[in-house]
Ligand code: DGL
């Protein structure tokens, strides 16, 4: 058992969906969340840069004595998970394996679809993770960068969101995709718009899936915070830049949870 915090990081505030899912499933756990808002977005950057940013953030979280690190960012998970696992003294988990496992477990016939940032799609990480579980499974991917902007602009229930869904998902849907992995922290907020257009899709929310993996990992390593069952974990939120829109986005991704976000600059 351990009352040390869980470290969760993302390129921005989108990973708060993961923070929320972990907090709901494991309310006693203390959490330190870092969103790299000053260097957002990661999805259009090179692997080398994403790995450097991810290492810097992880080093900081380790200095805060976290007991495990959750890479909430799909783009960082795709670029840096293997390296961080080799380098860090605590368990490290990323959203991609959790998303791939959940999609394969759905037992829906046909190809699995993935929408994500350019960097995540380019890394082919979801394709590899799915094929490791089900070698014969066809995987169709599409970068859906505009979905990030649509979400950040608060246009989650708009005609633009539905148009973008047609553009990004239409071809996959025609080719038989019925299980679709939302491979970016922002995309779970677009579930409604996507289902308005394609109601027969089974959407895989990687944030929810990874929360179950956090619980399983803590249990396996005997790191759960077991004590007084009424104890509520402390959530510390940090971001590398605090802007006017940050609070609005925080409320969107974290449902008005009243924890404050503090500014924290991390560099190499
Ligand atoms: N957190 C990123 C992801 O899940 C959001 C987009 C970005 O940073 O480009 O891929």
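Nothing in this text is a laboratory measurement; each read-out follows from the coordinates by a stated rule. Only a predicted model underlies this, so the values are computations on that prediction, with no experimental measurement involved. All Cβ positions, glycine included, derive from the backbone under ideal geometry; neighbour counts span all protein chains shown.
Which part of the stretch 168-186 falls in the paramagnetic zone of residue 146, meaning amide N under 20 Å from the point 7 Å along Cα-to-beta-carbon? The answer is 168-175, 181-186.
The label point for residue 87 and the one for residue 3, both projected 7 Å from the Cα toward the Cβ, are 3.2 nm apart.
Ordered by the count of other Cβ atoms within 10 Å of each Cβ, fewest first, 203, 180 give 203, 180.
Entry note, the chain: the mean residue ellipticity at 222 nm calculated from DSSP H runs of n ≥ 4, each adding -39500 (n - 2.57), is -14000 deg cm²/dmol after division by the residues and rounding to the nearest 500. Averaged over residues, the count of other Cβ atoms within 10 Å places the peptides 243-255, 57-69 in the sequence 57-69, 243-255, highest first.
Once the Cα atoms of helix 95-105 and of the chain are each reduced to a long axis, what angle between those two axes, in degrees from 0 to 90 to the nearest 10, is obtained? It works out to around 50 degrees. Separation of the stretch 42-69 from the stretch 200-230 is 21 Å, based on Cα centroids. Angle between the Cα long axis of helix 159-174 and the longest principal axis of the chain, 0 to 90 degrees, nearest 10? Roughly 70 degrees, rounded to the nearest 10. With respect to the chain, whose longest principal axis is taken over its alpha-carbon atoms, helix 206-220 is tilted by about 40°. Spin-label pair residue 236-residue 265: with each label point 7 Å from Cα along the Cα-Cβ axis, the two points sit 1.9 nm from one another.
Peptide packing for 73-86, 9-22 was compared via the average number of neighbouring C-beta atoms within 10 Å per residue; ordered from the highest value, the list is 9-22, 73-86.
With r defined as the distance between the Cβ atoms of residue 219 and residue 244 and R0 fixed at 45 Å, what FRET efficiency is calculated, to the nearest 0.05?
On the way: r = 41 Å, r/R0 = 0.91.
It comes to 0.65.
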